[in-house]
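Below is one structure, written out as structure tokens; comments come after it.
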Amino acid sequence: MIPKVPRENLLEMCRRMFVIRHFEENLVPLHDKGVFGGHYHLYVGQEGTGVPAISCLRADDYLFTTHRNHGHLLARGVEPKKLYAEILGRADGLNKGKGGSFHSVAPSLGFLHSSGVVAGIIPLSTGTAYAAKAQKNGRITVCLFGDGSLEEGAAPEALNLASLYKLPVLFLCENNGKYGAGRAVAAAPSSTMAAYPLTELPKAYKVPSQQIDGMDAGLVHATIAEAVEKIRRGEGPQFVEAQTVRYPGSETNWPTVPRPTDTSLAWDVSSVPEKAREWYRSCDPLLIFIRELVETEQATRDEITGIESQVKSQIAAAVEFAVNSPYPKVEEAERNYFA
């Protein structure tokens, strides 16, 4: 369903989903051409969770995220050119090339930490929530992580403390289940967790929890808005598991792009390789959102095509900016480290 917000907000959500999608799809060839090295992960397929969820927050709220962080940063408002430059290890990057893909941060936007350490951010987010409660500054913390993080001991420890002290923190678990026979795979039990559904784990610590369809932008927006409101009222932590289906381009060791996205795929996926076609047809949150905008007469196909065209131009310019950005000077390696 469509989020219950003004039309201009819906179009802005659509724009940000396009920014994430085209950012990620253009990152893959940069790696394949050797423009940057090291591993990286894509946020494709989870735009319908991250964009509406982050739109529910205040500008001064805190956020923490994992190695699958590009989409969250872009949804919060990070400039694509700065993030590209960061991933490429360039001087004009978001963190002057020191954070790279896994550890990019944007403190001015509330993003205090991204971590490639599974579950490493969960206790940190609990810490900022504790500080916010002590300072009575009204800020909440949102911790975004994948289902695998719940396998680490840091997760139940943090959930326990958050519950004991009624901390203002939202735990948002993005469960990107393996790509399989379509949308139904999102509801399949995790093969590595004894607790199922995953919400049983936070419930054991008396943290209110719910499981939702992470491909339904309207449901995500409504759920997160309600959870945020409860946290701000002093009701303590909330836990939401948003279920998505993993992008088929992320099923291999190194990301691929089965078929570059464009608006036309919302109505015709015949140009997509057959093995990935069902995901684009029924599991792609961006294409689902586009169809809903048109079906509810919030936007026309031409309007959406126009938004996408502008985003493609923005991303092309961002790539050029990053590739032309210089590498940091050697002495930069010794700056901004603290002990």
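The values are calculated or read from the model by the stated rules, or taken from the named source; none is laboratory data. What you are looking at is a predicted structure, and each value in this text was computed from that prediction instead of being measured. Note that we place each Cβ from the backbone using ideal geometry, even for glycine, and neighbour counts take in every protein chain shown. Side chains included, ligands, DNA and RNA excluded: accessible areas come from the protein's heavy atoms. Shrake-Rupley method; radii C 1.70, N 1.55, O 1.52, S 1.80 Å.
What is the percent carbon and sulfur in the accessible area of the chain, measuring with a 1.4 Å probe over the protein chains and ignoring ligands? Let's see the in-between values first.
Values: 7680 of 14600 Å².
After summing per-atom areas, the C and S share lands at 53 percent.
So if I place +1 on the C-beta of Lys and Arg and -1 on the C-beta of Asp and Glu, and nothing else carries charge, what would the dipole magnitude of the stretch 94-163 be about its Cα centre? I want it in debye, nearest 20. Intermediate values should be presented prior to the final figure.
On the way: 5 positive and 4 negative charges, 101 e Å.
It works out to roughly 480 debye.
Say R0 is 51 Å: what FRET efficiency, to the nearest 0.05, do T300 and E332 get from their beta-carbon distance?
Values: r = 48 Å, r/R0 = 0.94.
The value I calculate is 0.60.
Please arrange M17, M193 by accessible surface area, largest first, computed with a 1.4 Å probe and ligands excluded.
Working: M17 0, M193 35 Å².
Greatest to least solvent exposure: M193, M17.
From the Cα gyration tensor of the stretch 82-182, with a ≥ b ≥ c the square roots of its eigenvalues, which class applies: rounded if a/c is under 1.5, or else prolate if a/b is larger than b/c, or else oblate? Please report the intermediate quantities before stating the final value.
On the way: a/c = 2.36, a/b = 1.22, b/c = 1.93.
Oblate is the answer for the stretch 82-182, as a/c is 1.5 or above yet b/c matches or exceeds a/b.
At a 10 angstrom cut-off on C-beta neighbours, averaged per residue, how do the peptides 9-15, 308-314, 325-331 rank from highest to lowest?
On the way: 9-15: 19.0, 308-314: 16.6, 325-331: 11.7.
So the peptides 9-15, 308-314, 325-331, ranked by packing, come out 9-15, 308-314, 325-331.
What do the square roots of 5 times the Cα gyration tensor eigenvalues come to for the stretch 27-143, in whole Å, largest first, as semi-axes of the equivalent ellipsoid?
Working: eigenvalues 136, 40, 34 Å².
Equivalent ellipsoid of the stretch 27-143: 26, 14, 13 Å, largest first.
Using a Gaussian network model on the chain with a 10 Å cutoff between Cα atoms, which of V142, V118, V240 fluctuates the most?
V118
Would you work out which of I315, L286, T300 lies farthest towards the positive end of the dipole of the stretch 286-335? Charges go on Cβ: Lys and Arg +1, Asp and Glu -1.
Of the options given, the answer is I315.
Expressed as a rounded percentage, what relative contact order does the stretch 219-338 have, with Cα pairs under 8 Å and six or more residues apart? Show your work: numbers first, answer last.
Working: 52 pairs, mean separation 18.0, N = 120.
Here the relative contact order equals 15 percent.
I'd like the distance separating the alpha-carbon centroids of the stretch 210-251 and the stretch 16-76, in whole Å.
17
Compute a Gaussian network model of the chain, connecting alpha carbons closer than 10 Å, and tell me which residue from G48, G153, G177 fluctuates the most.
In this elastic network of the chain, the residue with the biggest mean-square fluctuation among G48, G153, G177 is G153.
Suppose the Debye formula is applied to equal point scatterers at every Cα of the chain; what is log10 I(q)/I(0) at q = 0.11, 0.12, 0.13 Å⁻¹?
Once normalised to I(0) and log-transformed, intensities are -0.70, -0.84, -0.99.
Testing the spin-label approximation: label points 7 Å from Cα along Cα→Cβ at N324 and R259. State their distance in nm.
So the two model labels end up 3.4 nm from each other.
Could you work out how much longer the chain between K203 and Y165 gets when fully extended? Use 0.36 nm per residue separation minus the Cα distance between them, nm to one decimal. Don't skip to the end; give the middle numbers.
Details: separation 38, 0.36 × 38 = 13.68 nm, distance 1.54 nm.
Contour length minus Cα-Cα distance gives 12.1 nm.
Taking loop as defined by DSSP and a crowding limit of 12 other beta carbons within 10 Å, which chymotrypsin sites (Phe, Trp or Tyr not before Pro) in the stretch 231-339 fit? Mind dumping the intermediate values first?
On the way: sites: F239, W267, W279, Y280, F289, F321, Y337, F338; in loops: W267, Y337, F338.
Passing both the DSSP loop test and the Cβ count: W267, Y337, F338.
Take the chain, connect every pair of alpha-carbon atoms lying under 10 Å apart with a spring to form a Gaussian network, then pick out the residue of N160, N176, N324 with the largest mean-square fluctuation.
Its mean-square fluctuation being the largest, the pick is N324.
Per 10 Å bin, what percent of the C-alpha pairs of the stretch 214-295 does each bin hold, from zero upward?
Values per bin, smallest distances first: 16, 37, 26, 16, 5, 0.
Roughly how big is the stretch 41-101's charge dipole about its Cα centre, with Cβ charges of +1 (Lys, Arg) and -1 (Asp, Glu), in debye to the nearest 20? The partial results should precede the final answer.
On the way: 8 positive and 6 negative charges, 40 e Å.
Result for the stretch 41-101 is approximately 200 debye, rounded to the nearest 20.
From the Cα gyration tensor of the stretch 250-293, with a ≥ b ≥ c the square roots of its eigenvalues, which class applies: rounded if a/c is under 1.5, or else prolate if a/b is larger than b/c, or else oblate? Could the numbers behind the result be given before it?
Numbers: a/c = 2.12, a/b = 1.69, b/c = 1.25.
In terms of gyration-tensor shape, prolate.
Report the charge-dipole magnitude of the chain in Debye, nearest 20, computed about the Cα centre from +1 at each Lys and Arg Cβ and -1 at each Asp and Glu Cβ.
Details: 35 positive and 39 negative charges, 144 e Å.
Dipole size: approximately 700 debye.
Using modelled amide H (1.01 Å from N, peptide plane; none on Pro or chain starts), what sits under 5 Å from the amide H of V142, excluding residues fewer than 5 places away?
The list, which skips near neighbours in sequence, is Y62, L63, F64, L170.
Normalise the Cα radius of gyration of the stretch 204-252 by 2.2 N^0.38 Å (N = residues in it) and let me know the number. Present the calculation step by step, with values, prior to reporting the outcome.
On the way: Rg = 13.5 Å, N = 49, 2.2 N^0.38 = 9.7 Å.
In units of the 2.2 N^0.38 Å rule of thumb, it is 1.40.
Considering only DSSP beta bridges whose two residues both sit in the chain, what percent are antiparallel, to the nearest 5?
On the way: 1 of 26 bridges.
Bridges in the chain are about 5 percent antiparallel.
Can you tell me how the stretch 100-153 classifies by the Cα gyration tensor, rounded, prolate or oblate, using a/c under 1.5 as the rounded cut?
Details: a/c = 2.78, a/b = 1.37, b/c = 2.03.
Because a/c hits 1.5 or more and a/b fails to exceed b/c, the stretch 100-153 counts as oblate.
For the stretch 51-81, which trypsin sites (Lys or Arg not before Pro) are both in a DSSP coil and crowded by at most 12 other Cβ atoms within 10 Å? Please report the intermediate quantities before stating the final value.
On the way: sites: R58, R68, R76, K81; in loops: R58, R68.
For trypsin sites (Lys or Arg not before Pro) across the stretch 51-81 that sit outside H, G, I, E and B with at most 12 neighbouring Cβ atoms in 10 Å, the list reads R58.
Solvent-accessible area of K96, probe 1.4 Å, all protein chains present, reported in Å² to the nearest ten, please.
Accessible area, nearest 10 Å²: 100 Å².
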